[in-house]
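Please read the structure below before turning to the comments.
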Amino acid sequence: KCNRVSQLLDLPDEVLLMICRYLQPVGVLRAFFKSTSDRLHSLILDYRTNLVLSALSYAEFRLVADELLPYLETSQLTLSNSNIPCLVEHFLSLCHQLPLNNLRKLTLNSCTNISSSFVVWLSNQSKLEDLNVYNGDLEVGA
């Protein structure tokens with residue numbers, strides 16, 4: 001009879017990554033980001049740096065914006081208005097409060113309005129190299 005209790009960190013990295021693939025990216029961050037395990041932090045590096053916020057509810061977006069985004073070292077961020085009307089606009093209204101200094105690529109899908117002053121501000125606040133704004137069939141790149 002075996003009395004050993006297995007824990008999540010007993011699993012190999014490959015199995016942990018397979019588990020992550022079954023979760024939404026925000027779920028992976030909620031589950032593992034606040035872990036004290038350096039191994040888990042390393043394992044979810046792509047989730048921390050390449051964040052896609054397009055298939056979530058407004059409540060989930062607020063959770064990410066309030067509890068996770070200030071602590072992530074996000075270099076690529078994708079937002080979309082396709083599931084939540086005005087999600088991009090909500091982000092734009094909050095981004096002045098968020099540390100975006102590592103942001104290199106920002107993609108805004110189904111976005112109808114972005115000001116040139118915001119683009120200038122964002123360029124000054126981050127390492128932004130690639131800005132893509134999609135409005136239906138029209139693409140505006142910077």
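Estimate the FRET efficiency between L63 and V5 by the formula 1/(1 + (r/R0)^6), using the beta-carbon distance for r and 35 Å for R0, to the nearest 0.05.
Result of the calculation: an efficiency of 0.70.
For n ≥ 4 DSSP H runs only, could you compute -39500 (n - 2.57) per run for the chain, divide by its residues and tell me the 222 nm figure to the nearest 500?
Mean residue ellipticity at 222 nm (helix-derived): -9500 deg cm²/dmol.
Given the whole protein assembly as supplied and a 1.4 Å probe, what does the accessible area of V28 come to in Å², nearest 10?
0 Å²
Can you give me the C-alpha center-to-center distance between region 46-122 and region 7-35, rounded to a whole angstrom?
Centre-to-centre (Cα) distance: 23 Å.
Let me have the relative contact order for region 9-79, percent, based on Cα pairs under 8 Å that are six or more residues apart.
Rounded, it is 31 percent for region 9-79.
Rounded to the nearest percent, how much of the accessible area of the chain (1.4 Å probe, protein heavy atoms only) is carbon and sulfur?
Summing carbon and sulfur atoms, their accessible area is 51 percent of the total for the chain.
Sorted by accessible area (1.4 Å probe), largest first, how do Y22, Y47, Y134 line up?
Y22, Y134, Y47
Put +1 on the Cβ of every Lys and Arg and -1 on every Asp and Glu Cβ in the chain; which of L92, N50, A31 then has its Cα farthest towards the positive end of the dipole?
Positive-end residue among those listed: A31.
How much of D130 can a 1.4 Å solvent probe reach, expressed as accessible area in Å² and rounded to 10?
50 Å²
Which order do you get for V5, V120 if you rank them by accessible area with a 1.4 Å probe, largest at the top?
Correct descending sequence by accessible area is V5, V120.
Quote the relative contact order of the chain in percent (integer), defining contacts as alpha-carbon pairs under 8 Å separated by 6+ residues.
Relative CO of the chain lands at 16 percent.
What size of dipole, in debye to the nearest 20, comes out for the chain about its Cα centre when the only charges are +1 on Lys and Arg C-beta atoms and -1 on Asp and Glu C-beta atoms?
Approximately 460 debye in magnitude.
Heavy-atom accessible area per residue, the chain, 1.4 Å probe: how many Å²?
59 Å²
The values are calculated or read from the model by the stated rules, or taken from the named source; none is laboratory data. All values reported here derive from a predicted model rather than from experimental measurement. All Cβ positions, glycine included, derive from the backbone under ideal geometry; neighbour counts span all protein chains shown. Just so you know, the surface numbers come from the protein's heavy atoms only, side chains and all, with ligands and any DNA or RNA stripped out. Shrake-Rupley method; radii C 1.70, N 1.55, O 1.52, S 1.80 Å.
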